[in-house]
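Inspection log for the structure reproduced underneath, given as structure tokens.
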Amino acid sequence: MIHGGAGVILPGSMTPEMEAAYIAALNVSLEAGAAVLREGGSALDAVEAAVLTMEDDALFNAGLGAVFTAEGTHELDASIMDGRDRNAGAVAGVMRVKNPIKAARAVMEKSEHVMFAAEGADAFAQDQGLEMVDNTYFDTDRRREALDRVLRERARTAADRHGTVGAVAMDLEGNLAAATTTGGMTAKAAGRVGDAPLIGAATYAENGVCAVSATGHGEYFIRVGVAKTICDRVKLGGEDVKTAAGVALGEVAALGGDGGVIVIGGTGDYGFVFNSAGMYRGWIDASGSGTAIYGQDDAD
């Protein structure tokens, strides 16, 4: 399962060409993850593969095409978690590593830590031999126009606050994994970190319980601890994943936030749950696949 961000995404808000481009990009991501699983690969490899395609696609707010900070630069966040042993890695505020999700996985596998931030995170990624780029690599005209508008109007739309991408997967052995990556919030203050790199807020995975990746207004997802809340309600309360996700997002809404989650349970049950107008999303398994953009529909 994948998501490409949630927000006020309404029918008619995009041209048919833009809508088709998003659907095509979601299918590319799904196929990248599915190709790993078909070959007997791990859930961890699958979620990384799925989000990498979105980090490299300027349609999404992750990697290339990330939003600008108020200072006109890019600061990216990512996290990944392995349900087998709850090992996890994350980076926050990276500015030079081309694919933040690769840096997050390197933190998990190549260090004794869970999170690196800012210059230290970029330096660690470079030391691990990951591809580095100039910060301007992430620039796009569309995001520059959004920054100019927010700075001019001194206000953000819901779309300006959202844009995280993520994936969750279950492999042939029943292992779960989750990954989340983002460029953050348009015109955010330098140094601001949202929920995407925080284990338990946007990302969580535990075998036999659930795997979650979230997208939305990060400050509220942090305060609720959305991903861990969902998994704990499944684990300790016996709730199904959709019910648990609905309760967690209800807490987000009560505080004034919105967004959504993708979640797979320990037995393979899954759900797309969101309280925003839409969420770019898709799923694929042995029986088929589906994608959707707008409010709850048959893909859910």
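Could you work out how far apart the two model spin labels at residue 134 and residue 289 are, taking each label as a point 7 Å from the Cα in the direction of the beta carbon, and quote it in nm? Here the answer is 3.6 nm between the modelled labels.
Using only side-chain charges placed at the Cβ, +1 for Lys and Arg and -1 for Asp and Glu, the dipole size of the chain relative to its Cα centre rounds to 700 debye. Each 10 Å bin from zero up to the one holding the largest Cα-Cα distance in the range 1-150 carries the following percent of pairs: 11, 36, 36, 15, 2. A simple spin-label model places the labels of residue 152 and residue 20 3.1 nm from each other, with each point 7 Å out along Cα-to-Cβ. Full extension of the chain between residue 145 and residue 39 gives 33.9 nm of extra length, using 0.36 nm per residue less the Cα-Cα distance. Reported to the nearest whole Å, the Cα centre-to-centre distance from the range 38-90 to the range 202-265 is 19. According to the Kirkwood relation over distinct C-alpha pairs, the hydrodynamic radius of the chain is 18.3 Å. The apolar share of the surface of the chain, taken as the fraction of accessible area on carbon and sulfur atoms (1.4 Å probe, ligands and nucleic acids excluded), comes to 51 percent.
Equivalent-ellipsoid semi-axes for the range 195-284 (Cα gyration tensor, √(5λ), whole Å, largest first): 18, 14, 12.
The calculated FRET efficiency for residue 173 paired with residue 28, based on their beta-carbon distance and R0 = 35 Å, is about 0.85.
For the range 26-165, the solvent-accessible area works out to 42 Å² per residue, with a probe of 1.4 Å and every protein chain left in place. Spin-label pair residue 118-residue 71: with each label point 7 Å from Cα along the Cα-Cβ axis, the two points sit 0.9 nm from one another. Binning all Cα-Cα separations of the range 79-170 at 10 Å, short to long from zero, yields these whole-percent fractions: 15, 37, 31, 16, 2.
For the chain, build the charge dipole from Cβ charges (+1 Lys, Arg; -1 Asp, Glu) around the Cα centre, then report which of 259, 293, 20 sits farthest towards its positive end. Of 259, 293, 20, it is 259.
Please list, by residue number, everything in the range 186-222 whose backbone N is under 14 Å from a paramagnetic label point 7 Å out along Cα→Cβ of residue 235. What the label zone holds, given the 14 Å backbone N cut-off, is 199-201, 203-212.
If R0 equals 25 Å, the separation of the Cβ atoms of residue 247 and residue 267 corresponds to a calculated FRET efficiency of about 0.85.
The values are calculated or read from the model by the stated rules, or taken from the named source; none is laboratory data. None of these values were measured; they are calculated from a predicted model. As a convention, Cβ positions derive from the backbone with ideal geometry for all residues, glycine included, and neighbour counts pool all protein chains shown. Surface areas here come from the heavy atoms of the whole protein model, side chains and all, with no ligands, DNA or RNA. Shrake-Rupley method; radii C 1.70, N 1.55, O 1.52, S 1.80 Å.
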